[in-house]
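*Asks:* Can you read through this structure? Questions will come right after.
The values are calculated or read from the model by the stated rules, or taken from the named source; none is laboratory data. These numbers come from a predicted model, not from an experiment. Cβ coordinates were reconstructed from backbone atoms using ideal geometry, including for glycine residues, and neighbour counts include every protein chain displayed. With ligands, DNA and RNA removed, areas are computed over all heavy atoms of the protein, side chains included. Shrake-Rupley method; radii C 1.70, N 1.55, O 1.52, S 1.80 Å.
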Amino acid sequence: MLRSFSRANTKPEFLLQSKPRPSGGAITISLFSSAVAQNQASLTPITTTLLQKCNSLAQAKLIHQQLLVQGLYQDFTTRLVSAYLTHNAPSHSISILERLTPSTSVVFCWNTIIRRSLRLGFSHDVLSLFRMMLRVHCPPDHYTFPFVLKACGELPSFRSGAAVHAVVSTTGFDSNVFVCNALVAMYARCGELDDARQMFEEMHDKGICDIVSWNSIVAAYTQSRDAKNAVELFRIMMDDSEIHPDIVSLVNVLPACGSLGASLHGMQLHAFALRRGLFEDVFVGNALMDMYAKCRMIQQANKVFESMEVKDVVSWNAMVTGYSQAGRFEEALGLFEKMREEKIELDVVTWSAVIAGYAQKGHGYEALGVFRQMQLCGSKPNVVTLVSVLSGCASIAALLQGKETHCYAIKCVLNYDWNDPGEDLMVINGLIDMYAKCKSTNVARLMFDSVAPSDRNVVTWTVMIGGYAQHGEENDALKLFSEMLQEGNSMKPNAFTICCALMACAHLAALRFGKQIHAYILRNRYESVMLFMENCLIDMYSKSGDIHAARVVFDNMQHRNSVSWTSLLTAYGMHGYGEEAIKVLDYMRVAGFVPDGITFLVLLYVCSHSGMVDQGIRFFESMHTEYSVTPELDHYACMVDLLGRAGRFGQALEFVHSMPMEPTAIVWIALLSGCRIHGNVELGEYAAAQLQELGSENDGSYTLLSNIYANARRWRDVARVRSLMKYSGVKKRAGCSWVQGKKGTATFYVGDRSHPQFEQIYKLLADLIQRIKAIGYVPETNCALHDVDDEEKGDLLFEHSEKLALAYGILVSTPGVPIHITKNLRVCTDCHNAFTYISMIIDNEIILRDSSRFHHFKSGSCSCRGYW
């Protein structure tokens, strides 16, 4: 039985009871009997009155019975149908309708039953009723089709909607504006924008479009997040002299303007609303506020808010959301408190807006604080609230609070049969993201695997791939990305998924995999987000050692933004091409881009790694004087690094002491690194002491100090530093190098003999060392940080991971093809010296990436020119 047909109350209570006073049923029977005793002419109005007066299903059934007995049934069938519907007995109505000869009144009754099921939310029943109607040869009219098409859209069921469209065409209603508008809306709700647009164009060609038609197609594009087409269609509608945009038109197009950041279009629509007197409507005011907020014009949004005579809770929520998203939390909270003072009911949207605003800006503790207030006030969080709370936990790596939120979600949201599966998946995606960002990738993967492959959406894949890529598990990220693209998986990665995969390639210097992703992008046409992807490609190619490919991507970009220029500047700086970076800066200025704080940070990095000390100082001085950019902590740290590398320790210390903020660990590590290069033990000890006061537990700072002592042959101090590390629980990272071969990537550690070809690797390496010794190579024994004789130190240097990786690279590479090596730590002086000599006796360019920069070894020279 259909769900909408099973609501009748069939208890005939009044027939089973006897009371002193006549019941409603008795009065009805009495009236009916007196009516029957009269002639046929006076029967109709009295029976109509009886049907209108009956107040229960049992009474309607009694009248039905008497009409059959008296032979009057055929005259009152449609009125009986209405009576049964009034008392929630549609099954009785249908049993009557199925036996009636089609007529206008019968069609009206079918429409009434169909509309009732639609109103109750039983869309499947609507389609079943429509099929019954066709089966009994009752022709639908222009009221029937809109109801049925709306049900198809709400399911959504494209196949059913297309079948109904076929019936529309065969019954001659394909030129009826009401039916055609319903078809446009149905296709849009089913996600078939192309079909919706084609239907609209056919209507336009026939000249039957009205304001509802235009509103439907604009709303379709807005709801499908195709803001560009929505705004374009609205512009065409404005040019049509026969169409006059109304309140619905504005409410439909303003969100699209906000999504595009098209503040000019939005302001024009604001002016239009004022001219037409539409601004007084609260819906238009709310849409205008939302649009201005999305365009980051929060002051304009506030003006709209203040000028609205009538405000509802949506108006207040729009402003709270706008302030939160703009990072103006004091004003957002001020408005939030004002809502409390004026006793405006705070709904879940209000709370969620404040929580989401804090979470999006990385203020996780504040987001959790508001969430606690929400719970104390008794307001029940929804899915959006929980996802925002999880995002806040992720932003501050608050694993404990994230687990608490997970427990709450299990108890109150997840695993209920009546839940929307899409909402459940939103929460699970938020949980995967939270666990991954809290470095619990194993738990995140368990959550990911708990979702059936057919139920995963692109966000599910993206948060898991991104979690791996951002937290040192890049190989797992690329493996999962490959699984996503496997044959049989219909899920297409979006721009964020691809950029997470490119990030993993960049971290691993996996050039071959990165090129494959680049080819995938070109094959699958991601034009709408190509700028974003091209910026990621520049970063991937530069960090994978192919600076020339990065430049090719940059040169072929149709559009560039500040990120594009900064990415290329960083690439040249990382590879030691300082002069090229300065040229790029000049081109950037000519193109109309003004350097900002990030640009100057990159320029100082470039100068630091290219030995351009004086140029770096000039850049730093021009920040404030020429560009009104206030130097921040990172800029000062770069200047200390620049001066320390050049051995200008007096100026470096002056910079540290003149900083307008307290120097942090990054500043002292930069100074300590300079001391290691130039062997300044005294200043190195001072910098290390400052780091210890700050409570820095970075293994790199201990290693730098240990290296300084080793170079000065102060072995007792080396032992003391290592003992301190052990006491403090700080573990030194093991040196590791990897190189790309024909069959994948090979990884090596110091003295590694685990590779199947280790005998050939060691034999080739020994031969290379002998050959370069013959042309002048002398091992830098001070790089072996152990108190042993020089011969033993030479043996220790021989087994460094980068040398083993190079030997393997030569073994498996074709002559003339660059060998790409990556090391997780800074390359030692001896290996750098050895690579320089080896590049003289082989035909391959050696491209080495360490934790600091790139080194290109070719024909006996390095791109760093000894400045590293």
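*Asks:* Tilt of helix 495-508 relative to the longest C-alpha principal axis of the chain, in degrees (0 to 90, nearest 10)?
*Replies:* 20 degrees
*Asks:* Run down the aspartates and glutamates and flag those whose C-alpha is under 19 Å from the C-alpha of residue 411, throwing out any fewer than 8 positions away in its chain.
*Replies:* 420, 423, 424
*Asks:* Then there is this: Where does helix 177-189 land angle-wise versus the long Cα axis of the chain, in degrees 0 to 90, nearest 10?
*Replies:* Helix 177-189 sits roughly 30 degrees off the main axis of the chain.
*Asks:* Too long at a 25 Å Cα-Cα cut-off: which of 439/742; 437/479; 743/763; 437/726?
*Replies:* 439/742; 437/726
*Asks:* To the nearest 20 debye, what is the magnitude of the charge dipole of the range 736-862 about its Cα centre, counting +1 on the Cβ of each Lys and Arg and -1 on the Cβ of each Asp and Glu?
*Replies:* With only Lys, Arg, Asp and Glu charged at Cβ, the dipole is about 680 debye.
*Asks:* How much of the accessible area of the range 296-394, in percent, comes from carbon and sulfur atoms when a 1.4 Å probe is used?
*Replies:* C and S atoms contribute 51 percent here.
*Asks:* Give the lysines reachable from residue 294 as a straight Cα distance under 20 Å; neighbours fewer than 8 places away on the same chain don't count.
*Replies:* Partners found: 228, 303, 311, 361.
*Asks:* At a 10 angstrom cut-off on C-beta neighbours, averaged per residue, how do the peptides 643-652, 495-504 rank from highest to lowest?
*Replies:* Result, highest mean first: 495-504, 643-652.
*Asks:* Oh, and also: Taking the Cα centre of the chain as the origin and placing charges on Cβ (Lys, Arg +1; Asp, Glu -1), which of 214, 673, 818 is farthest toward the positive end of the dipole?
*Replies:* Result: 214.
*Asks:* Can you list residues whose amide H is under 5 Å from residue 736's amide H, if they're 5+ apart or on another chain and H is modeled 1.01 Å from N?
*Replies:* Residues meeting the amide H criterion: 824, 825.
*Asks:* Calculate the length of the line joining the C-alpha centroid of the range 609-654 to that of the range 109-162, in whole Å.
*Replies:* First find each Cα centre; the distance between them is then 73 Å.
*Asks:* Hey, if you put +1 on the Cβ of every Lys and Arg and -1 on every Asp and Glu Cβ in the chain, which of 279, 702, 625 ends up farthest toward the positive end of that dipole?
*Replies:* It is 279, whose Cα lies furthest towards the positive end.
*Asks:* Of the listed peptides 543-556, 802-815, 766-779, what is their order by residue-averaged count of other C-beta atoms within 10 Å, with the highest listed first?
*Replies:* In decreasing order of mean packing, 543-556, 802-815, 766-779 become 802-815, 543-556, 766-779.
*Asks:* So what's the angle, to the nearest 10 degrees on a 0 to 90 scale, between helix 211-223 and the longest Cα principal axis of the chain?
*Replies:* On a 0 to 90 degree scale, this one is about 30.
*Asks:* Which FRET efficiency value, to the nearest 0.05, is calculated for residue 851 and residue 689 with the Förster distance at 25 angstrom and r the Cβ-Cβ distance?
*Replies:* E between residue 851 and residue 689, to the nearest 0.05, is 0.55.
*Asks:* Now a separate question. What ³J(HN,Hα) values, in whole Hz, does the Karplus curve 6.51 cos²θ - 1.76 cosθ + 1.60 give for the range 162-169 when θ = phi - 60°, with x put for Gly and Pro?
*Replies:* Result, ordered by residue: 5, 5, 5, 4, 4, 5, 4, 5 Hz.
*Asks:* Give me a comma-separated list of calculated 3J(HN,Hα) values for the range 306-323, in order, Karplus coefficients 6.51, -1.76, 1.60 applied at θ = phi - 60°, integers in Hz, x for any Gly or Pro.
*Replies:* For the range 306-323, the Karplus-derived couplings read 5, 7, 6, 6, 10, 10, 10, 5, 5, 4, 5, 4, 4, 6, 4, 4, x, 5 Hz, x marking Gly and Pro.
*Asks:* Between the range 660-697 and the range 262-304, how many Å separate their Cα centres?
*Replies:* Computed from Cα coordinates, the inter-centre distance equals 54 Å.
*Asks:* Here's another thing I want to ask about it. Let me know the charge dipole size of the chain about its Cα centre in debye, to the nearest 20, where only the beta-carbon of Lys, Arg (+1) and Asp, Glu (-1) is charged.
*Replies:* The dipole of the chain has a size of about 2100 debye.
*Asks:* Once you put a point 7 Å from the Cα of residue 208 and another 7 Å from the Cα of residue 380, both along the Cβ direction, what distance in nm separates them?
*Replies:* 4.5 nm
*Asks:* Another question, then. Roughly how many percent of the accessible protein surface of the range 183-284 is carbon and sulfur, given a 1.4 Å probe and a whole-percent answer?
*Replies:* Carbon and sulfur: 50 percent of the exposed surface of the range 183-284.
*Asks:* For the chain, what is the calculated [θ] at 222 nm in deg cm²/dmol (nearest 500), taking -39500 (n - 2.57) for each run of four or more DSSP H residues and dividing by its residue count?
*Replies:* Computed ellipticity for the chain at 222 nm equals -21000 deg cm²/dmol.
*Asks:* Separate question: Could I have the simple spin-label model distance between residue 236 and residue 732, label points 7 Å from Cα toward Cβ, reported in nm to one decimal?
*Replies:* Using points 7 Å along Cα→Cβ, the separation is 7.0 nm.
*Asks:* Pop a pseudo-label 7 angstrom from the Cα along the beta-carbon direction at both residue 486 and residue 625 and give the gap in nm to one decimal.
*Replies:* Between residue 486 and residue 625, the simple spin-label model gives 6.2 nm.
*Asks:* For residue 858, go through the lysines and keep the ones whose alpha-carbon is under 20 Å away, minus same-chain ones fewer than eight residues off.
*Replies:* 543, 773, 803, 823
*Asks:* Have a look at 536, 252, 319 and report the one farthest towards the positive end of the charge dipole of the chain, computed about the Cα centre with Cβ charges (Lys/Arg +1, Asp/Glu -1).
*Replies:* 252
*Asks:* Okay, moving on. Would you mind counting up the charge near residue 339? Only other residues with Cβ under 11 Å from its Cβ, with Lys and Arg at +1 and Asp and Glu at -1.
*Replies:* Its environment carries a net charge of -1.
*Asks:* Would you please give the FRET efficiency between residue 724 and residue 411, computed as 1/(1 + (r/R0)^6) with r the Cβ-Cβ distance and R0 = 35 Å, to the nearest 0.05?
*Replies:* 0.15
*Asks:* Now, a different point. Which label marks the calculated value of volume of the Cα convex hull per residue in Å³, given the options (1) 245; (2) 209; (3) 588?
*Replies:* Answer label, from the structure shown: (1).
*Asks:* Hey, can you find the accessible area per residue of the chain for me, probe 1.4 Å, expressed in square angstrom?
*Replies:* 48 Å²
*Asks:* Using a Förster distance of 51 angstrom, determine the FRET efficiency expected from the C-beta separation of residue 345 and residue 264, and round it to 0.05.
*Replies:* 0.90
*Asks:* What residues of the range 588-621 lie in the reach of a label at residue 678, counting those whose backbone N is under 18 Å from a point 7 Å from the Cα along Cα→Cβ?
*Replies:* Zone members listed by number: 607-618.
*Asks:* Placing unit charges on C-beta atoms (Lys and Arg positive, Asp and Glu negative, everything else neutral), compute the dipole magnitude of the range 520-677 about its Cα centre in debye, rounded to 20.
*Replies:* That gives a dipole near 380 debye.
*Asks:* Leaving ligands, DNA and RNA out of it, rank 348, 218 by accessible area with a 1.4 Å probe, largest first.
*Replies:* Output order, biggest surface exposure first: 348, 218.
*Asks:* Carbon-plus-sulfur fraction of the accessible area of the range 523-653, 1.4 Å probe, in percent?
*Replies:* Accessible surface attributable to carbon and sulfur in the range 523-653 totals 53 percent.
*Asks:* Mind listing the phi-derived Karplus ³J(HN,Hα) values for the range 244-255, rounded to whole Hz, using 6.51, -1.76 and 1.60 with θ = phi - 60°, and x for any glycine or proline?
*Replies:* Calculated HN-Hα couplings, in order: 10, x, 10, 4, 4, 4, 5, 5, 6, 8, 4, x Hz.
*Asks:* PRE reach from residue 276 (point 7 Å along Cα→Cβ): which of the range 286-327 fall under 14 Å by backbone N?
*Replies:* In the range 286-327, the label zone of residue 276 (backbone N under 14 Å from the point 7 Å along Cα→Cβ) covers 288.
*Asks:* Compute the separation of the alpha-carbon centres of the range 719-771 and the range 332-371 and state it in Å as a whole number.
*Replies:* Result: 53 Å between the Cα centres.
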